[in-house]
Structures are given as C-alpha cells and as structure tokens.
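The values are calculated or read from the model by the stated rules, or taken from the named source; none is laboratory data. Since the model is a prediction, treat every value here as computed from it, not as a measurement. Cβ sites come from the backbone with ideal geometry, for glycine too, and all protein chains shown count toward neighbours.
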C-alpha cells in the first residue's frame, strides 16, 4: 500500500505542502525577529520570549492534534483546514502597525510595547494552526507513507524544504525595504494568501492511506500521555535516545538562528547579505537531497558524524572571521551541517516511531525538535548578548547589535552533542549488530 502511495501525486503533494509550510515557518522563525526589532525596537530578551512562547505553543499543539489525527484516522483534513486557518492568521499581522496602534494608546513607546506583545500573542495563535497542520498532520502523513527503503529519500527532500524556503523568502524580500511598515503589510498579505490557497488545493491533491489505527483502543488522554510514559520508553529506547541528541542539536542551532539575519545586516553591515546567503543555501539544498540517500546506504552513525563536523566547522569560521568571502564559507558549512543533521535526525526518528502511531508520537518529536531548543537556545543566545553593543535609532529608541559570541556558544552546545552522540551511536551499532 505504501509503495502505491509513493506515486507522482505523493511527491508533488509533499513538495508543495512542505515548501509552503516551510516558507511560513521561515517568515516566523527568521523574520518575525527582524519585524519586531525594526518596527518596535525589541530587545534580545523579548525576541527570546517570543521564540520560547511559540515553541511551547508548537509542542502543546502537536501533542494534542497529532493524537487527534490518529484517532480520527485522517491527516488530510488537518493539513488542509489547518493551512487555511494558518494563512488567515498570517494575514492578521498586516494590521499590527505603529500607525494603527499609536492612536489607540496615545504614545509611541506604549504602541511599541503593545506591538511586541501582540506579535508574541498572535505568533502563538499562528503557531497553533501551523503546528496542527504541519508539525502534527503533515509530518505524520509522510511518516505513514514512508518505509525503510524510502525514508531517507523522503527525509532528504523534506529537510531540503527549509533551505529552499529561505532562498525563496530571501529572494522575494529583496524587493522590500524592511524598515517600512507598508513592506511588512504586503509581505504578510502575500504569504497569508498563498498558504490559504494551498490549503484549499490540498483537498483535491493529497491522498492518504485508509486504515484502522489501533491507537483508538485507548481514551484520547491516555494516548496523549502514552509517549511520555516509561512503558513507551522501554519499547522504543533508541527513539528517545535519538530525540535527546536531536534536542541538543536544536539547542546549538537556536543559540544563533534568531539573531542571524540581524548579525549579517546590522553587525557586519552586509546590506547584500542575501547575495551571500543565496549561493550557500542553493549548494546546501543540493547536498541535502543526496544526503538522504547517503543515510539510506550508510546509516545513522556515518551520516551524523559528517553533518555535525560540517556544522561545527561553520561555527568556527563565523566566529573567527568577518570578511565577506570567509563569512560565505562559514555560512555554507553551517547550512550544510544544519540541513544534513536535520535529514539524519528526522529519518532516524521516523524509523523508530511505532507503526500506526505516527500522530501519537509527533508530540515527543516536536518537544525534542522545537520546544527544548526553542526555549533553551534563544535564552542562551540572549544571555550571550546581554551586554551587546547598543545603537540609537532614528526615532530615539535603542537596539542591540548581535556579536560573534553566539557562534562560540553554539559550538559549545554542539560539543555537548558530540558527547551524547558517542553513546547514541554505540547503542545503535549494538542494536544493529
């Protein structure tokens, strides 16, 4: 049945929903930070709070909606309806503007504070619909459809989507002056409309395997908590070991990622950072496609060692050098390691999720992939930047300048990951011996 599902329609559906979903996540993960920084002069701690709140919302939503999609035996409805509502909430950000807020509260400072709080709240609302559609249902759907012979290929293409989406967003945003509120209004309208339309298209495009799921035997809340119980851990110890390592990997990424664009643009004064990042993204995206096949052939240990080595090499380059050419090399290594690691961890996690329980186990996956990194990583980054240099904006407000210390601490987090991987890889080798 799975082989029948992996036809052209499956690959088209997967690529479209994967790409559009990641475009929406890129806008949130990389540009909401820029949005509240430029429009409302947000601090590093406020950016960290936004990322953490969104991570919590994503985890809770995925836990609840993943099990519900198992129980109702459908992924399609959650994906399509979720994308439509996701798009509508993205559209709502077009109305969070100083020219609207200032008359409501009477002062610029109060409007900026209100704007930051509204963005944080609406980010959580948007994350609820996005996680229900993408983190829970879409990821459970591609887990349902894959098997040992295709999982690496599926994950390679799926892991490539964040890089391609970054390239798409970077390219599209080049035509906008992000210091102007009207640019953000246009961006949110375009992205929101596209996500809505794709949700409608999905009702005609997505196919899913129809089958009874034995998870329905328990009550909803019993099944919600099952993946967090000792019983589940004893049945799938490798799954939880890999998830632990995945969380450390994510922490390393999230130390710097919320501040990356600001570092390029503000700290390094690279107004043309898009032209630096675009080639790195393209090369990393191409590598990621083939890396999924490497995982299928060589397995977890060989694949993850190379990925982490590339990532840490990128950190060293970005910490030590600030020239355009060397920043490009560091960015390329970092992006290749990041996406290769996502591919390997994603495929390994899916390989150990119990069959017919894909939705039920999306909760523990999202906690490792999003919640723990999303809370610890940005907080660590904000701590690193606690004494960062300040600049005075044209309106009299001040903004911080990210520094290369974020890459040093990302490297330290990756070093801790290496220690954990020694034990995980040994256990994996013993299991497969």
Tell me, which helices (runs of 4 or more DSSP H) lie completely within the range 134-234 with 3 or more residues that are modelled with pLDDT under 85 and within 30 Å of residue 348 (Cβ to Cβ)?
139-145, 151-173, 220-226
Consider the range 412-433. How many of its residues are touching a helix residue (DSSP H, G or I) at 6+ places or on another chain (Cβ under 7 Å), surrounded by fewer than 20 Cβ atoms within 10 Å (Cβ to Cβ) and at pLDDT 90 or above?
4
Criterion violated by residue 270 - all others in (1) under 30 Å from residue 402 (Cβ atoms); (2) part of a loop (DSSP other than H, G, I, E, B); (3) out of contact with any helix residue (DSSP H, G or I) (no Cβ under 6 Å at 6 or more places or on another chain) satisfied:
(3)
Out of the range 108-122, which residues are under 30 Å from residue 225 (Cα atoms) and either free of Cβ contacts under 8 Å to residues at least 12 places away in the same chain or outside any helix (DSSP H, G or I) (or both)?
121
Could you go through the range 66-79 and let me know if any residue there is touching a helix residue (DSSP H, G or I) at 6+ places or on another chain (Cβ under 8 Å), closer than 30 Å to residue 399 by Cα, touching a residue at least 40 places away in the same chain (Cβ under 8 Å) and buried (at least 19 other Cβ atoms within 10 Å of the Cβ).
no
Among the residues of the range 317-337, is there at least one that is out of contact with any strand residue (DSSP E or B) (no Cβ under 6 Å at 6 or more places or on another chain), modelled with pLDDT of 95 or more, buried (at least 24 other Cβ atoms within 10 Å of the Cβ) and farther than 29 Å from residue 426 by Cβ?
yes
When you check residue 130 against the structure, is it part of a helix (DSSP H, G or I), closer than 15 Å to residue 24 by Cα and under 16 Å from the mean Cα position of the chain (by Cα), yes or no?
yes
Residue that is crowded, with 19+ Cβ neighbours inside 10 Å, at pLDDT 95 or above, within 20 Å of the chain's Cα centre (by Cα) and within 22 Å of residue 313 (Cβ to Cβ), where the choices are 248, 260
248
Looking only at the range 89-107, how many residues end up being assigned to a helix (DSSP H, G or I) and either on the phi > 0 side of the Ramachandran plot or surrounded by fewer than 16 Cβ atoms within 10 Å (Cβ to Cβ) (or both)?
7
Kindly indicate whether any position in the range 154-162 is crowded, with 16+ Cβ neighbours inside 10 Å, more than 16 Å from the chain's Cα centre (by Cα) and closer than 22 Å to residue 206 by Cα.
yes
Restricting the range 299-316 to residues that are in contact (Cβ under 8 Å) with a residue 60 or more places away in the chain and closer than 15 Å to residue 256 by Cβ, which is surrounded by the most Cβ atoms within 10 Å (Cβ to Cβ)?
315
Only one residue in 412, 366, 406 is in a helix (DSSP H, G or I) and free of Cβ contacts under 8 Å to residues at least 60 places away in the same chain, so which one is that?
412
Do we have residue 388 as in a helix (DSSP H, G or I) and either out of contact with any strand residue (DSSP E or B) (no Cβ under 8 Å at 6 or more places or on another chain) or surrounded by fewer than 22 Cβ atoms within 10 Å (Cβ to Cβ) (or both) here?
no
Can you find a residue in the range 134-145 that is over 26 Å from residue 280 (Cβ atoms), buried (at least 17 other Cβ atoms within 10 Å of the Cβ) and more than 19 Å from the chain's Cα centre (by Cα)?
yes
Which one of the conditions (1) modelled with pLDDT of 90 or more; (2) out of contact with any strand residue (DSSP E or B) (no Cβ under 8 Å at 6 or more places or on another chain) does residue 64 fail to meet, given that it meets all the rest?
(1)
Go through 73, 42 for me and flag whichever is modelled with pLDDT under 85 and part of a loop (DSSP other than H, G, I, E, B).
73
Quick one: is residue 374 surrounded by 24 or more Cβ atoms within 10 Å (Cβ to Cβ) and touching a helix residue (DSSP H, G or I) at 6+ places or on another chain (Cβ under 7 Å)?
yes
